[in-house]
1. Given the convex hull of the Cα atoms of chain B, what is a quarter of its surface area in nm²?
2. So, with +1 on the Cβ of K and R and -1 on the Cβ of D and E, and no other charges, what is the size of the charge dipole of the protein assembly as shown about its Cα centre, to the nearest 20 debye?
3. Using Cα springs under 10 Å in a Gaussian network model of chain A, which residue among A:S69, A:S80, A:S19 shows the largest mean-square fluctuation?
4. Among A:K42, A:K71, A:K96, determine the one that fluctuates most according to a GNM of chain A built with springs between C-alpha atoms less than 10 Å apart.
5. Select from A:F33, A:F62, A:F73 the residue whose mean-square fluctuation is largest in a Gaussian network model of chain A (Cα-Cα springs shorter than 10 Å).
6. Of B:Q104, A:A24, A:S74, which is farthest on the positive side of the dipole of the protein assembly as shown, counting Cα position, with +1 on Lys and Arg Cβ, -1 on Asp and Glu Cβ, and the Cα centre as origin?
7. May I have the pair-distance distribution P(r) for the protein assembly as shown, computed from all Cα-Cα distances with 10 Å bins from 0 and rounded to whole percent?
8. Treating the beta-carbon of each Lys and Arg as +1 and of each Asp and Glu as -1, no other charges, what is the dipole magnitude of the stretch A:6-97 about its Cα centre, to the nearest 20 debye?
Amino acid sequence: QQQVKQSPQSLIVQKGGISIINCAYENTAFDYFPWYQQFPGKGPALLIAIRPDVSEKKEGRFTISFNKSAKQFSLHIMDSQPGDSATYFCAATPIKAAGNKLTFGGGTRVLVKP
Amino acid sequence: DAGVIQSPRHEVTEMGQEVTLRCKPISGHDYLFWYRQTMMRGLELLIYFNNNVPIDDSGMPEDRFSAKMPNASFSTLKIQPSEPRDSAVYFCASRLPGPLRNEQFFGPGTRLTVL
């Protein structure tokens, strides 16, 4: 019940295209869903996050879509740029649980070709 | 403001040797997390501390691994004896207190290679 399944493992997109990464979870106690971005040689960094009281959150070119009934959420990167080439991790946690342990998906390596 | 600081950045050692990884969290953060990242298993939480006290060490792979946090500004992760399968990138992360302050700030990681 603690798993977060992420797909695809990797994707290649042309500059200006849309990158879409999907995640699914089982634990209905999860109520905070962040996405982390990791560049080679660096630690992950928070990109954007969503609570289940909204179905969509947008920050610049990055949008999270959330489907509570399906227990799925996704990251859309609009107008993808070469600088977006990185590994993206979805995660989930019960927001008020002690420590807010994050359960991470397996990661998606995104390559944006110029 | 300095972020989470980890040392060393790279460590190469031989099987059987003791390895100590170090972490300095961001000042004021009272949660500290140790993660391991590998291609096969992704990002795994090993242990986390709150106010210097270990809260959950269920992710520590075995007795060869131990972690301490003697004060609010320093933590160590020790592997003794090390094995080739311990080769991975180890991350330390910290976050602010409070249930709604959820962002974890990760350090740059320590790349460990055990020969």
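1. Average of the hull's projected areas for chain B equals 6.8 nm².
2. Computed about the Cα centre, the dipole is about 440 debye.
3. A:S69
4. Sorting by GNM fluctuation, first place goes to A:K42.
5. The residue with the greatest mean-square fluctuation here is A:F62.
6. Going by the Cα projections, it comes out as A:S74.
7. In whole percents, the pair-distance histogram is 8, 32, 35, 20, 5, 0.
8. With only Lys, Arg, Asp and Glu charged at Cβ, the dipole is about 60 debye.
No value in this document is a laboratory result; all are computed from the given coordinates. Just so it is clear, the structure is predicted and the values come from calculations on it, not from any experiment. Because the Cβ atoms are built from the backbone with ideal geometry, glycine has one as well, and the counts that use them run over all protein chains shown.
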